[in-house]
Amino acid sequence: MKKRSVTIKDVARKAGVGVGTVSRVINNSPHVNQRTKEHVLKVIQELGYMPNPHARRLSSGHTKIITTIFPQMVGEFHQLLLSGIDEIFEKEGYTSFVYPLYSENRYKFVRESSDFVLGTDGVIIDALNVDRLLQQYIPKNVPVVSVEFDSEKYDSVIIDNFYGGMIAGDYLSNFEGDIFVITHRRKSKLESTVFEERVSGFIESVEKKGRTIERIFEIELDWLEAFNVAKEIFTRSNKVIIFTTTDYFAFPVIEFARIKGFVPKKDFHLCGFDNLTLSNILNITTIKQPIVEMGKSAGELLLRRIKGFTRKKQTVAFKPEIIIRET
């Protein structure tokens with residue numbers, strides 16, 4: 001026999017208070033004294049009660065839940081972005097729900113499940129063309145902020161990836177050697193175009209300097225595959241110049257070079273993209289993205305929408321910069 005779910009009435013009955021009081025505690029209302037609040041929260045924990053987000057929306061107008069959609073979650077980038085988002089919303093009592101959109105089945109769930117968006121106060125979507133992929137599935141009353149894609153409809157937080165590729169090209173073109181690029185290969189329409197933008201900027205810069213690119217390697221976001229590409233590159237040339245469109249690829253390159261005894265600036269030059277923590281530790285030259293600040297900006301834009309403070313579409317634009325280190 002299926003066990004009956006605990007209801008708000010069960011909590012009220014055991015706590016000896018009214019249903020309205022339980023609802024106010026759940027919604028963090030200031031109109032409940034601290035002693036009663038602690039007692040009700042204890043009963044909620046004892047009974048294992050899970051508040052219904054739809055009921056919370058009906059009673060308070062808010063679920064206090066934020067959904068963040070990523071194309072996939074690999075490496076430190078999304079952790080840093082989330083830390084910026086959470087810094088804004090945790091102060092407001094919000095819970096963050098993360099949904100990686102790395103397969104067609106997960107995309108189908110977003111398209112077909114009304115609960116997915118109705119149970120949230122707002123959505124932050126990173127590195128996806130929200131106008132083409134998701135706009136028709138998101139109700140008009142649910143605010144959205146787009147990160148790493150300049151949406152025509154929604155507030156956006158962007159960085160100039162093309163310019164980031166250009167400054168990487170400007171730097172690396174100064175050195176002698178064969179030029180290679182390691183970038184991410186998109187598998188579907190769900191994934192971001194940021195890597196292509198970085199490569200395009202790099203190509204334009206290199207060609208303006210009268211240089212040519214030996215080869216562009218397009219691979220999965222996979223450490224071992226990047227390591228094997230590094231092996232191929234160092235086997236082909238005595239002096240190599242490598243641009244990786246994410247630091248995640250730069251790490252296995254520097255590891256292979258270390259194992260084989262190749263010396264930075266003597267045998268090779270390397271520039272990554274992101275300025276992740278490990279790139280600083282390993283002294284890798286990289287293109288810096290203010291990732292945490294981008295997350296904060298996205299959180300601030302969405303919070304203003306939720307509170308009804310903003311009407312006109314807003315765009316916050318960041319400029320990348322090169323951090324020159326040992327490579």
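The values are calculated or read from the model by the stated rules, or taken from the named source; none is laboratory data. Fair warning: this is a prediction, and the values are worked out from it, not measured in the lab. When we count neighbours, we look across all protein chains shown, and the Cβ atoms used for this are built from the backbone with ideal geometry, even at glycine.
See the values below:
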{"quantity": "Residue list for the range 125-144, filter: outside any loop (DSSP other than H, G, I, E, B) and more than 16 Å from Val98 (Cα to Cα)", "calculated": "Val130, Asp131, Arg132, Leu133, Gln135, Gln136, Tyr137"}
{"quantity": "Criterion: among the acidic types (Asp, Glu), assigned to a helix (DSSP H, G or I), touching a strand residue (DSSP E or B) at 6+ places or on another chain (Cβ under 7 Å) and farther than 30 Å from Leu134 by Cα - qualifying residue of Glu232, Glu207, Glu214, Glu225", "calculated": "Glu225"}
{"quantity": "Among (1) surrounded by 18 or more Cβ atoms within 10 Å (Cβ to Cβ); (2) touching a helix residue (DSSP H, G or I) at 6+ places or on another chain (Cβ under 9 Å); (3) in the same structural domain as Ile69 (by TED's automatic domain parsing), the one test that Phe109 misses", "calculated": "(1)"}
{"quantity": "Number of positions in the range 77-101 that are buried (at least 20 other Cβ atoms within 10 Å of the Cβ) and over 23 Å from Leu276 (Cα atoms)", "calculated": "2"}
{"quantity": "Of residues in the range 9-20 being at pLDDT 80 or above, in a helix (DSSP H, G or I) and of a type in the set (A, V, I, L, M, F, W, C), the one farthest from Lys42 (Cα to Cα)", "calculated": "Ala12"}
{"quantity": "Answer residue from the range 21-59, given it is β-branched (Val, Ile, Thr) and in a helix (DSSP H, G or I) and is modelled with the lowest pLDDT among those", "calculated": "Ile26"}
{"quantity": "Candidates Asn129, Asn141 - the one that is surrounded by fewer than 19 Cβ atoms within 10 Å (Cβ to Cβ) and either within 22 Å of the chain's Cα centre (by Cα) or aliphatic (A, V, I, L, M) (or both)", "calculated": "Asn129"}
{"quantity": "Among (1) farther than 21 Å from Ala317 by Cα; (2) outside any strand (DSSP E or B) - the single one Gly201 does not satisfy", "calculated": "(1)"}
{"quantity": "Counted residues, the range 276-324 - those being in a loop (DSSP other than H, G, I, E, B) and either in contact with a Pro (Cβ under 7 Å, 6 or more places away or on another chain) or surrounded by 15 or more Cβ atoms within 10 Å (Cβ to Cβ) (or both)", "calculated": "8"}
